[in-house]
Amino acid sequence: MRKRLSKWLFRLKDTEPGEVFLHQRRVFIVPTHPGLLFCVMLITLFIGSVNYNLSLGFAFTFLIAGCALIDMHLTFRNLAHLYLKAGRAAPVFAGEEARFELHLINRRKHDRYAIWLDFLADDRPDLAQAVDIAANTTCCAVLSTPARERGWLRAPRVRLQTRYPLGLLRAWSYWQPDARALIYPRPEDDAPPLPYAGVEKSDGQGAGGQDDFAGIRGYQAGDSLKRLAWRQIARVDVEFGGTLVTKHFEGGAATEIALDFALLPYHLDIEAKLSRMVRWVMEAEARGLAYAFRLGDIEFPAAHGPAHKEACLTALALFQKT
């Protein structure tokens, strides 16, 4: 009942696709605590001026009352008639912070100052961000929220508020951006070594050939100590910015890496298996190794690169998600 009343009162929607306009009916304004004290002071001055028939008291009372009315107009104008648009949200791993881009468009001739944005669901005032928007410009704010589970994470409801210029009144509004972020499973911390399929390939793809010396490259996690190029390392000082380098070979036979969800130990639950698969995908990509991927009905041939990595991680994130 309370949720229905809130949706009716504030005209809240599940999602608001496209560009959203904050018209006058969507912006609400209420006094702040200093504003309430200001009202008490104003009433006290008026009563004192009436009792003692003070002309200067009446003049001062109506002067500051006029300032309060101007402040009300400026506070409301600072937030009303804004255009809002959701931006992109980069994928993250479970346990990290999902970051959503929010675009605020000011098509008016006046500047807007100190507009605060935060996610209503988090209720973390310390995470709110303040932005200033010049006339006829667009401002981009980035809000973050915890990503606790894998899958699609919809952006929480956004609260926009301002107390500019005097802080006596607070204008606020709600916005439900049509944005979502993909949350990958959290990589396993102590995963076992990469599994090999035992299939020899003669094209030099996979774990790397051993026949022909092709040069040196930067050291990557998992490289054997026997491959370190000691002559080149001796010429640089690692403690002062020098990097380790390893010997790189091409040609010959290579072993293909196969990441198969069905071959993981039975005692692991689904989430643990997905975490292990994520760790193996990240490790194979870091080492520049081609790997085949199998997850239920999804099967990708051996490859590597950003597109292959994204496809594998997306399949893991959405596994058995409706």
Q: Pull up the range 16-54, narrow it to residues that are of a type outside the set (A, V, I, L, M) and in contact with a Ser or Thr (Cβ under 8 Å, 6 or more places away or on another chain), then point me to the one that is most open to solvent (accessible area, probe 1.4 Å).
A: 46
Q: Scan the range 169-182 for residues that are in contact with a Gly (Cβ under 9 Å, 6 or more places away or on another chain) and open to solvent by less than 30 Å² (accessible area, probe 1.4 Å) and jot them down.
A: 169, 177, 179, 182
**Q.** Close pairs (6 angstrom Cβ cut-off, 6 or more residues apart or separate chains): over 14 Å from residue 295 (Cβ atoms) in the range 257-274, surrounded by fewer than 11 Cβ atoms within 10 Å (Cβ to Cβ) and modelled with pLDDT under 90 anywhere
**A.** none
Q: Find all pairs meeting these conditions: Cβ atoms under 7 angstrom apart; at least six residues apart or on different chains; first residue within the range 38-63 and outside any helix (DSSP H, G or I); second residue open to solvent by 60 Å² or more (accessible area, probe 1.4 Å).
A: none
Q) When the range 275-322 is examined, which residues are found to be open to solvent by less than 70 Å² (accessible area, probe 1.4 Å), over 19 Å from residue 196 (Cα atoms) and touching a residue at least 40 places away in the same chain (Cβ under 8 Å)? A) 313, 314, 316, 317, 318, 319
Q) In the range 143-156, how many are open to solvent by 40 Å² or more (accessible area, probe 1.4 Å) and assigned to a strand (DSSP E or B)? A) 4
Q: Only residues in the range 86-108 that are at positive phi count as the first member; pair them with residues that are open to solvent by 50 Å² or more (accessible area, probe 1.4 Å), Cβ under 7 angstrom, at least 6 apart or cross-chain, and list the lot.
A: 95/186
Q: Taking residue 73 as meeting all but one of (1) touching a strand residue (DSSP E or B) at 6+ places or on another chain (Cβ under 9 Å); (2) not in a loop (DSSP other than H, G, I, E, B), write down the number of the exception.
A: (1)
Q. Of these, 118, 132, which one is among the charged types (D, E, K, R), surrounded by 19 or more Cβ atoms within 10 Å (Cβ to Cβ), modelled with pLDDT of 90 or more and not in a loop (DSSP other than H, G, I, E, B)?
A. 118
Q. Would it be correct to say that residue 186 is farther than 23 Å from residue 22 by Cα, in contact (Cβ under 8 Å) with a residue 40 or more places away in the chain, within 19 Å of the chain's Cα centre (by Cα) and open to solvent by less than 40 Å² (accessible area, probe 1.4 Å)?
A. no
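The values are calculated or read from the model by the stated rules, or taken from the named source; none is laboratory data. In this text, all values refer to a predicted model and were calculated from it rather than measured experimentally. Counting neighbours? That spans all protein chains shown, and the Cβs are built from the backbone with ideal geometry, glycine included. Only protein heavy atoms, including side chains, enter the accessible area calculation; ligands, DNA and RNA are left aside. Shrake-Rupley method; radii C 1.70, N 1.55, O 1.52, S 1.80 Å.
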